[in-house]
């Protein structure tokens, strides 16, 4: 499978497992898991193709369960799921990548999850820069995660290391 096929398939898998499982006749359980055999049948893929997509995703967006018979997206869902991540104390500082054109809204309202279940934060500025660069010239915001946690915000961490929180009020944000 060529690299561009892996990318195309990864985008398709993200769409199905995060946003529209019903688009291929699939159902996710309450924790976001899908049956691998049903997914393969729905997409017309082989297990080898699926394994290559999962292994080749540099952001580790997908995870198999311990048996390898179920798969889910690690975060980013717009459909109702409970990923079951336990609350964790975040590092003192986290980062968020965005673009210049949305900064006025962020400065006024903070970071909101939009159609997703949580705001996604990166553990380092370089990762945040790459995230922001997907939509244009990146801007990296520094998040006072320690201050938020002290003030009662609850953080979780996804299987692929992305920090999740309900929202980030503007007072906890600084442009790097």
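Here are the numbers:
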{"quantity": "For the chain, calculated [θ]222 nm from helices alone, where every DSSP H run of n ≥ 4 adds -39500 (n - 2.57)", "calculated": "-8000 deg cm²/dmol"}
{"quantity": "Cα-Cα pairs of the range 87-175 separated by more than 17 Å (percent)", "calculated": "42"}
{"quantity": "Amide N of the range 98-114 lying under 11 Å from the label point, which is placed 7 angstrom from the Cα of residue 167 along Cα→Cβ", "calculated": "109-114"}
{"quantity": "Cα centroid separation, the range 155-176 to the range 76-145 (Å)", "calculated": "6"}
{"quantity": "Efficiency of FRET between residue 41 and residue 115 - r from beta-carbon atoms, R0 30 angstrom, step 0.05", "calculated": "0.60"}
{"quantity": "Selected from 48, 126, 107 as most flexible by GNM, with the chain as the system and alpha-carbon contacts under 10 Å", "calculated": "48"}
{"quantity": "Contact order normalised by residue count of the range 3-73, Cα under 8 Å, 6+ apart, percent", "calculated": "34"}
{"quantity": "Translational D in µm²/s for the range 48-89 (Stokes-Einstein at 37 °C, 0.692 mPa s, Kirkwood Rh from C-alpha pairs)", "calculated": "277"}
{"quantity": "Mean separation of Cα contacts under 8 Å, 6 or more apart, over the residue count of the range 87-175: relative contact order %", "calculated": "42"}
{"quantity": "The chain - percent relative contact order, Cα under 8 Å, separation 6 or more", "calculated": "21"}
{"quantity": "The range 3-73 shape via C-alpha gyration tensor axes, a/c threshold 1.5", "calculated": "rounded"}
{"quantity": "Stretchable slack from residue 134 to residue 105, in nm (0.36 nm times residue separation minus alpha-carbon distance)", "calculated": "8.6 nm"}
{"quantity": "Rounded FRET efficiency, nearest 0.05, which uses the C-beta distance separating residue 24 from residue 69 and R0 of 22 Å", "calculated": "0.80"}
{"quantity": "Shape parameters for the chain, alpha-carbon atoms, Rg then Dmax in Å", "calculated": "17.1, 49"}
{"quantity": "Stretch gain in nm, segment residue 79-residue 12, where the contour uses 0.36 nm per residue and the Cα spacing is subtracted", "calculated": "22.6 nm"}
{"quantity": "Sorted by Cβ neighbour density within 10 Å, fewest at the top, the residues 163, 33", "calculated": "33, 163"}
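Bear in mind that the values in this text are calculations on the coordinates, not laboratory data. Since we're looking at a predicted model, the values are computed, not measured. Here Cβ is always computed from backbone atoms with ideal geometry, including for glycine, and neighbour counts include all displayed protein chains.
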